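Pasting a structure below so you can have a look.
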2 protein chains.
Amino acid sequence: MKGERKTWKEKFSEWFRKVISEAGIVDYRYPIKGCGVWLPYGFKLRRNVLNIIRRLLDERGHEEALFPLLIPEDLFAKESAHIKGFEEEAYWVTHGGSTKLNVKMALRPTSETVITPMVKLWVRSHADLPIKIYQIVNIFRYETKATKPLIRVREVTTFKEAHTFHASHDDALKQVHEAIEIYKRFFDELCIPYVISQRPEWDRFAGALSSYAFDTMFPDGRTLQIGTVHDLGQKFARAFDVKFEDIAGNREYVWQTSYGISERVIAAMLTLHGDDRGLILPPNVAPIQVIVIPIPYKGKEELVNDACRKIVDRLRGERIRVKLDDRPDLTPGSKFYEWEMRGVPLRIEVGPRDVEEKEVTFVSRDNFEKLVCKEGEVVEKTKFLLTEIQKRLRERAWDWLNAHIFKAESLEKAKELIDSGLGIVHVPWCGERECGLEIERAVKARVLGVPSAEERVTGSCVVCGREGKFLVRLARAY
Amino acid sequence: MKGERKTWKEKFSEWFRKVISEAGIVDYRYPIKGCGVWLPYGFKLRRNVLNIIRRLLDERGHEEALFPLLIPEDLFAKESAHIKGFEEEAYWVTHGGSTKLNVKMALRPTSETVITPMVKLWVRSHADLPIKIYQIVNIFRYETKATKPLIRVREVTTFKEAHTFHASHDDALKQVHEAIEIYKRFFDELCIPYVISQRPEWDRFAGALSSYAFDTMFPDGRTLQIGTVHDLGQKFARAFDVKFEDIAGNREYVWQTSYGISERVIAAMLTLHGDDRGLILPPNVAPIQVIVIPIPYKGKEELVNDACRKIVDRLRGERIRVKLDDRPDLTPGSKFYEWEMRGVPLRIEVGPRDVEEKEVTFVSRDNFEKLVCKEGEVVEKTKFLLTEIQKRLRERAWDWLNAHIFKAESLEKAKELIDSGLGIVHVPWCGERECGLEIERAVKARVLGVPSAEERVTGSCVVCGREGKFLVRLARAY
């Protein structure tokens, strides 16, 4: 990175902080580090993103609910691996007014210990299963590392956590698979590319039998975990004594999964598609999909504004999210600047000449290509261009990720690739914990895990030289 | 109240607890008192209610946002009346993991001290005003009194708080008026009757110049506060130093209002329209507006089910929230029981005879009246009946409230009326604080305040005998 020649991708961390606040997404100037405000424009974006995940979950038979924030210490501590993983990260409420509480309470860092004891009250027999429930809530983590807007925060404002309960481990594993499929579709709709890894045993969710994670890659080559899916086995069921009567009349512990995503998804979406003019929002979720800007000439203001209003009405009639920017005190140029920065995917410009010729001019936010069409085609062309932009954003992001995935046959080569900031590196691994940890130490990277899709492994473990059982995925991670 | 002859209105408190849990609205068996779970059916009801208030606020230029939950003690303490009113009610976070925090943090009981310092960063000049913002969040109150589901809770899961900022007191007062109008429309849509009172000076929101409140009345004659609107003057602006440049170039403090509603609104709606068979949900917000139940006879099951499915498709096409209950293992009677209990406003029954005659039978949940119509009219009749039910629920509830508002000319008469559990009593009052407090003591009731609509006062103050300046409104209150 050399001063003047920095591209936006190189300096994206600084770019990110600046643009999310200028574009009206979030404001992190609240006096508690890692606690931010969703501004109205950002709030609408967030709502559109959440509506997608709600739809995907509802279609697959999940039901939305809402559980308490506070967890009494004794409840929180019931599953021993879970409390061990979370107790140092939890915020603790110790007083009500000036009265010391008998039992201190954690602010939920996740809700397994809240939801499991309630489900215990609801489950009698196999006929009550499966239960597939989710909530979208704020959670809290006492972060001691440097915080980063939307990525490493203390109040995670937007945690979608699903919790499911099943009559057999097989059913639970099918649910893990369904969750992975749902997340794939979700990230596709947000134009976010990803790799899916089974996390190594030393990096599982506290209390899980196995954890699968979605990671995407940031412009600096570092990965960001954007979704996780856990097979919880019967660990919480045993801790909370949640049993059901099976078909044969035996009382068995339920099998459980959980899976979550957070506002990191939004951070990834904003980062991956931005450029030096600001955000580029996928049309799917953009609060404003089309901004209509009149290009007035003296004496023709009303003519142009009228034509704009007609376009707005027609697009709105088709449920396209469209806005007319007819502020008289701003130049078209300053409006272009503002809406480009805020990431509106499509701009329509209408000048007096366009009105005369009964034409409309489009400019796409991602490649700035112009397209002129006849007034009568405005709805059809808008829909076409929005679809094209969505497709291009997704493809570009996937191309970029795929171009940054490598394979190495030795620790040296792996370290060289990682150090150069190029991305994700796969190396052969024997599957033993010690070799895995040694890889992390030697390469100074994180083992993301084993690719979830089967791939033929060739080569020998980069540490011990025994036959490679897995390819293991390495990256510098956020 | 005499044992066997209790009506559901008399025993409604017990009824309320039972029915909200059986109907799948909420479950308060979580181990922290006053913290409950919104079950899927209740969550949908809550969402429909919130969408109404969102629409009403958005139509009047409010914008939704989301602010942090945690308030550092120093920020919380900036406005002296506010902290005095809330510090004993707040939950305090003192530790992150095992580390003691330098500054303890309150869980928001309300967000004036969170939002005002952020708005300070956003306001420069009069051109930035007004700012009208709201959020729908959970808030916390350390309740020492007995908790009551949805009514007196420790985690208020559903607090809609609006905060507005203005360039003049006049503008702020207009906003108070607008807020009152918005709430009137909101409660009308939920079929909740109310009285509006300006709260007495000893019962204002901590930090307000004046507070207006909406109270409704429960079946036992006690009132419940369901919405409040506050003129905050410049108190918070001074405490947080929030200034703007006015047209003349002077730096002035902003003027502020806030107004809130909570899940108490839902509690009121559920209570006011229920009967001994369970809930009766206003069609506006019912998660299921129409339940279609086949009445099968042997050999004609498919015939009947087909006819039902056709009806469901047609209603769904008209965006009516309709559900088919074709569970084969339950009798029609047990389905009637379940959906009546859960408050579905309209039932459609279809038997083989109906299919033959091309007819449909409706039963309205509120009065159990039957109506038979031709198949071809099913959409039209459904819409008509839903509108009628909505209207009847609203009118009945208003009639009942209006029949329980009285006037008394003496403390004795007022106490007699209040003791008999009849409802709200107005008495003439001189307007002095001591007389107001004496009225509360003597009648053992709460002074709700002065009716917001002007009314000619006749009679003399029931305490001091001086000329009455106001009618003051009394009730036993929750």
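Can you give the helix-only mean residue ellipticity at 222 nm for the protein assembly as shown, where every DSSP H stretch with n ≥ 4 adds -39500 (n - 2.57) and the sum goes over all residues, rounded to the nearest 500 deg cm²/dmol?
Mean residue ellipticity, 222 nm, calculated: -11000 deg cm²/dmol.
Between residue A:464 and residue B:313, take the C-beta separation as r, use R0 = 56 Å, and let me know the FRET efficiency to the nearest 0.05. Numbers along the way, then the final one.
On the way: r = 64 Å, r/R0 = 1.14.
Step by step, r from the Cβ atoms, then E = 0.30.
Would you mind computing Rg(Cα) / (2.2 N^0.38 Å) for the protein assembly as shown, counting N as its residues?
Cα Rg divided by the expected 2.2 N^0.38 Å: 1.03.
Normalised by the residues of the stretch B:243-321, what does the relative contact order come to in percent, with Cα pairs under 8 Å and at least six apart?
16 percent
Summarise the partner chain shielding of B:34-40 as one whole number: the mean count of Cβ atoms from other chains within 10 Å of each residue's Cβ.
6
Using label points projected 7 Å from each Cα along Cα→Cβ, tell me how many nm separate residue B:409 and residue A:174, to one decimal.
Result for the modelled spin labels: 7.8 nm.
Further question: In nm, one decimal, shortest first: how far is the label point of residue B:13 (7 Å from Cα along Cα to beta carbon) from the matching points in the other copies?
Reported distances to equivalent positions: 5.9 nm.
Rounded to the nearest 20 Debye, what is the dipole magnitude of the stretch A:3-273 about its Cα centre when Lys and Arg each give +1 and Asp and Glu each give -1 at the C-beta?
So the magnitude is around 940 debye.
Set the Förster radius R0 to 22 Å, insert the Cβ-Cβ distance between residue B:80 and residue B:202 as r into 1/(1 + (r/R0)^6), and round the FRET efficiency to 0.05.
Taking R0 as 22 Å, the efficiency between residue B:80 and residue B:202 is 0.80.
Any idea what the dipole of the protein assembly as shown comes to, in debye rounded to 20, about its Cα centre with Lys/Arg Cβ at +1 and Asp/Glu Cβ at -1?
In total the dipole reaches around 880 debye.
Looking at this model, which pairs from A:132/A:243; A:44/A:335; A:120/B:323 are more than 22 angstrom apart at the alpha-carbon? Please report the intermediate quantities before stating the final value.
Details: A:132/A:243 16 Å; A:44/A:335 20 Å; A:120/B:323 28 Å.
The pairs that break the limit, which is 22 Å between Cα atoms, are A:120/B:323.
Sticking with this structure for a sec: So for the stretch A:405-475, averaging the separation of alpha carbon pairs under 8 Å that are six or more residues apart and normalising by length, what relative contact order in percent results? Write out the running numbers ahead of the final one.
Working: 141 pairs, mean separation 27.6, N = 71.
Answer for the stretch A:405-475 is 39 percent.
Of B:41, A:193, A:136, whose Cα points farthest to the positive end of the dipole of the protein assembly as shown (charges on the beta-carbon: +1 Lys, Arg; -1 Asp, Glu; origin at the Cα centre)?
Checking the options against the dipole of the protein assembly as shown, the answer is A:136.
Measuring from label point to label point, each 7 Å out along Cα→Cβ, what is the residue A:241 to residue B:88 span in nm?
3.9 nm
Still on this model: Looking at the protein assembly as shown only, what percent of DSSP beta bridges run antiparallel? Nearest 5 please.
80 percent
For the stretch A:143-194 and the stretch B:218-277, what is the centre-to-centre distance using only Cα atoms, to the nearest Å?
Each part's Cα centre sits 36 Å from the other's.
A further question follows. Given +1 on the Cβ of Lys and Arg, -1 on the Cβ of Asp and Glu, and no further charges, what dipole in debye does the stretch A:361-411 carry about its Cα centre, rounded to the nearest 20?
60 debye
We did not get these values from a lab; they are worked out from the coordinates using the rules stated. Just so it is clear, the model here is predicted, and its values are computed rather than measured. Note that we place each Cβ from the backbone using ideal geometry, even for glycine, and neighbour counts take in every protein chain shown.
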